[in-house]
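Worksheet for the structure shown next.
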Amino acid sequence: MTSEHTFTLKQERRLVTEIPGPRSRELQRRRTGAVPPGVGSVLPVYVAEAGGGVVVDVDGNSLIDFGSGIAVTNVGNANPRVVERVREQAGRFTHTCFMVTPYESYVAVCKALNRITPGDHDKRSFLVNSGAEAVENAVKIARYATGRPAVVVFDHGYHGRTLLTMTLTAKNMPYKHGFGPYAPEVYRMPLAYPYRWPTGPDECGPQAAAQAIDQITKQIGAENVAAVVIEPIQGEGGFIEPGLGFLPALAEFCRANGILFVADEVQTGFARTGDLFACEHEGVVPDLVATAKGIAGGLPLAAVTGRADIMDKVHPGGLGGTYGGNPLACEAALAVLEEIEQGDLTAKARRIGEIMLPRLRALAERHPSIGDVRGRGAMTAIELVRPGTKDPDPGLTSEVARRCHEAGLLVLTAGTYGNVLRFLPPLVIPEHLLNEGLEILERAFDAA
């Protein structure tokens, strides 16, 4: 059984009201008296159903989904295999706390992660609730294992909203502003950003790596660094794919200096980029990997996977959490992994990239406001600038997104400068919806 054959919703774009419709607007009015404004929403259409490549709202509108709940529903929303496994587990038990009385599915998920994450070395995994929690625990483990305090992160990085991961995150608004003071011993280095590197994309990777390594050595001291934490492709920072050679050079520097290389694969993992994990593209093998989002088809689950000699150092009771590895989420994760492997969703992600990237490049030829087209697999983006410059144009980005939303295409924005449109369709999206979504995007640019 694969999800492409079991869509329960009609895979079509259908608009029966304006976007948002009257019922969504009424729910939005009710929300203002119950939810603080600090919790934002990209598009205030209230969802009734979702599946395959569509999201259906309470007004009956069916929107094409180029967001996947921010790279969560890689296998499709309400995937039948996931739904069935969760339903069966809910009938047995919903919680015991693995730290009180354990259960088999937690162990099965960890064994699967140990098998599929990069590298053939002996590994251990443990489960938590969110990407931020996974990254925070990876840093905690790295500090414990090395006995060192410092953590190195990079420009444009996003790692979460807890105190530590907010500190690791680069962007002030909306993630950090007013929430300080922040955690100590976190140092930020330049990223190999090909589109904006002063000498151009060809030299970007080696030059940026040399600059980062030089700054780490001089300003911190390699002997004081516990971990280098990086997203193999930046997520919220704008889907920046670091220049070739940057990640391998950093990984080699870490190996030579006893620093742990931590890959934040929260947004890039589980087939999203056309590989199971984005690190594989350049053969980088991390010491620790943080995963979440696409791991469990929409249920809260995340993990830290790492070298056994590192993970086994932490004393008993030093890792855990009440809800970490909830049995419903574990069953969902096992179903997701079956779906990815049996449905060859890495190939489907690559196919999405083969369709999207040429269309986006052709669109850039017609619209000089598109300064850069980038991404891999089903993780693609365009960066918008004022024509003839590289000055970010967040206003146009918002306008294009608004026009897409009104036409029934859900898209997301991103980027340190708020000028990136990012595209994260479910890996199971039918090709006719993918192409229709691109046509809507093209019309939005023509009208903007």
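Here are some notes:
- Of the residues making up the stretch 296-313, those that are on the phi < 0 side of the Ramachandran plot, open to solvent by less than 50 Å² (accessible area, probe 1.4 Å) and not aliphatic (A, V, I, L, M) are 305, 306.
- Strands (runs of 3 or more DSSP E) wholly inside the stretch 379-448 containing at least 2 residues that are open to solvent by less than 10 Å² (accessible area, probe 1.4 Å) and either without any contact (Cβ under 8 Å) to a residue 60 or more places away in the chain or touching a strand residue (DSSP E or B) at 6+ places or on another chain (Cβ under 9 Å) (or both): 379-384, 420-423
- Candidates 214, 275, 264, filtered to the one that is surrounded by fewer than 24 Cβ atoms within 10 Å (Cβ to Cβ) and either within 30 Å of residue 347 (Cα to Cα) or β-branched (Val, Ile, Thr) (or both): 275
- Test for residue 335: is it farther than 28 Å from residue 227 by Cβ, open to solvent by less than 40 Å² (accessible area, probe 1.4 Å) and not aromatic (Phe, Trp, Tyr): yes
- Residue check for residue 189: surrounded by fewer than 24 Cβ atoms within 10 Å (Cβ to Cβ) and at pLDDT below 95: no
- The set of residues in the stretch 351-378 that are within 20 Å of the chain's Cα centre (by Cα), among the hydrophobic types (A, V, I, L, M, F, W, C) and assigned to a strand (DSSP E or B) contains only 373.
- Residue within the stretch 164-186 that is open to solvent by 30 Å² or more (accessible area, probe 1.4 Å), of a type in the set (A, V, I, L, M, F, W, C) and over 24 Å from residue 412 (Cβ atoms) present: yes
- Meets criteria (out of contact with any strand residue (DSSP E or B) (no Cβ under 9 Å at 6 or more places or on another chain), assigned to a helix (DSSP H, G or I), farther than 27 Å from residue 66 by Cβ and open to solvent by 10 Å² or more (accessible area, probe 1.4 Å)) for residue 316: no
- Test: residue in the stretch 167-183 that is touching a residue at least 24 places away in the same chain (Cβ under 8 Å), small (Gly, Ala, Ser) and out of contact with any Leu (no Cβ under 6 Å at 6 or more places or on another chain): yes
- Residue check: residue 114 meets all listed conditions (1) farther than 26 Å from residue 422 by Cα; (2) out of contact with any strand residue (DSSP E or B) (no Cβ under 7 Å at 6 or more places or on another chain); (3) polar (S, T, N, Q) but one, namely (2).
- Filtered residues of the stretch 164-181 (kept if over 18 Å from residue 39 (Cβ atoms), out of contact with any Gly (no Cβ under 9 Å at 6 or more places or on another chain) and among the hydrophobic types (A, V, I, L, M, F, W, C)): 164
- Restricting the first member to the stretch 197-221 and to residues that are more than 18 Å from residue 241 (Cβ to Cβ), and the second to residues that are aromatic (Phe, Trp, Tyr), the beta-carbon pairs closer than 8 Å and six or more apart or on different chains are 213/253; 216/187; 216/253; 219/187; 220/187.
- If you go through the stretch 31-54 and keep only what is assigned to a loop (DSSP other than H, G, I, E, B), free of Cβ contacts under 8 Å to residues at least 40 places away in the same chain, within 22 Å of the chain's Cα centre (by Cα) and within 20 Å of residue 406 (Cβ to Cβ), you end up with 41, 44.
- For the stretch 93-131, filtering for residues that are in contact (Cβ under 8 Å) with a residue 40 or more places away in the chain and part of a helix (DSSP H, G or I) leaves 10.
- Taken over the stretch 132-163, the residue count meeting the criterion of being farther than 16 Å from residue 286 by Cβ and either modelled with pLDDT under 95 or open to solvent by less than 10 Å² (accessible area, probe 1.4 Å) (or both) is 2.
- When each of 37, 22 is tested for being closer than 29 Å to residue 381 by Cα and not aromatic (Phe, Trp, Tyr), the lone residue that passes is 37.
- In the stretch 78-92, the count of residues that are among the polar types (S, T, N, Q), free of Cβ contacts under 8 Å to residues at least 60 places away in the same chain and part of a loop (DSSP other than H, G, I, E, B) is zero.
Here is a yes/no grid of residues against (1) under 30 Å from residue 87 (Cα atoms); (2) touching a residue at least 60 places away in the same chain (Cβ under 8 Å); (3) among the hydrophobic types (A, V, I, L, M, F, W, C):
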| residue | (1), (2), (3) |
| --- | --- |
| 234 | no, yes, no |
| 240 | no, yes, yes |
| 243 | no, no, no |
| 253 | no, no, yes |
| 256 | no, no, yes |
| 272 | yes, yes, no |
| 295 | yes, no, yes |
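- Filter pass, residue 88 being farther than 30 Å from residue 44 by Cα and crowded, with 17+ Cβ neighbours inside 10 Å: no
- Odd one out for residue 156, checked against (1) part of a strand (DSSP E or B); (2) under 18 Å from residue 189 (Cβ atoms): (1)
The values are calculated or read from the model by the stated rules, or taken from the named source; none is laboratory data. Remember, predicted model here, so these are calculated numbers, not experimental data. FYI the Cβ positions are ideal-geometry reconstructions off the backbone, even for glycines, and counts take in every protein chain you see. Heads up: the accessible areas ignore ligands, DNA and RNA and are worked out on the full protein's heavy atoms, side chains in. Shrake-Rupley method; radii C 1.70, N 1.55, O 1.52, S 1.80 Å.
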